[in-house]
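Please read the structure below before turning to the comments.
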Amino acid sequence: MMRRLLRSPLVWSMTALLVAGAAFGLYLFQPWKLWVDVRVQEELPQVVEPRWEDPTTTPPGPILLAEGEFVSQEHATSGAAQLIEQPDGSVVLSIADLDTSNGPDLRVWLTDQSVDPDDWFVFDDGYHVELGTLKGNLGDQVYEVPADVDLDRVGSVSVWCARFSVSFGAAALEPVPPTD
């Protein structure tokens, strides 16, 4: 009886369907990433002045434009983010001491959305710019901000899971007032 059952096309079809479903689930959720951390230790720019307003002189180094602390959303997240203008006029996003969960298809986004720890889904609703794939879920990392990004519209940074359209964590970027 058992031998006949194992030779049944229905049993083989159900087995194939279960294996395909399990493979798809593993691909989609990538659960092993919950136990695998990727640490990044890039050199962060050292800010010399909060902001430089004197157009007759050149700032001696990187200038802090905006900053904020990460708050947890879909996953526990902490760290600090800074928008920094380099002496050559380019802008970078500096993320210090990031600590979040690893996950599938994580990206770094600059957005115009406000940060609410209970609202993980809003960051793709308005203006957003992807700076790239998250380099690691732990440590220090730097991302170049494209020259065409409208920094006046940017109000936050999100560690965005593109696979599930949720934010793992986000930081409101508060502008730093200029110094004289």
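The values are calculated or read from the model by the stated rules, or taken from the named source; none is laboratory data. As the structure is a prediction and not an experimental result, all values here were calculated from the model. No Cβ is skipped: glycine too gets one built from the backbone with ideal geometry, and neighbour counts run over all protein chains shown. Accessible surface is based on the protein model in full, side chains and every heavy atom, while ligands, DNA and RNA are left aside. Shrake-Rupley method; radii C 1.70, N 1.55, O 1.52, S 1.80 Å.
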Single residue of 104, 117, 87, 177 found to be assigned to a loop (DSSP other than H, G, I, E, B), at pLDDT below 95 and touching a Gly at 6+ places or on another chain (Cβ under 7 Å)
87
State whether the residues of the stretch 75-97 include one that is more than 24 Å from residue 43 (Cα to Cα), surrounded by 15 or more Cβ atoms within 10 Å (Cβ to Cβ) and either touching a residue at least 12 places away in the same chain (Cβ under 8 Å) or out of contact with any Cys (no Cβ under 6 Å at 6 or more places or on another chain) (or both).
yes
Is the stretch 124-142 home to any residue that is open to solvent by less than 10 Å² (accessible area, probe 1.4 Å) and assigned to a loop (DSSP other than H, G, I, E, B)?
yes
What is the one condition in (1) over 20 Å from residue 38 (Cβ atoms); (2) open to solvent by 20 Å² or more (accessible area, probe 1.4 Å); (3) more than 13 Å from the chain's Cα centre (by Cα) that residue 173 does not satisfy?
(2)
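Just to be sure, is residue 147 within 20 Å of residue 66 (Cα to Cα), of a type in the set (A, V, I, L, M) and open to solvent by 60 Å² or more (accessible area, probe 1.4 Å)?
yes
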Of the conditions (1) in contact with an Asp or Glu (Cβ under 8 Å, 6 or more places away or on another chain); (2) on the phi < 0 side of the Ramachandran plot, the single one that residue 119 does not satisfy is (1)
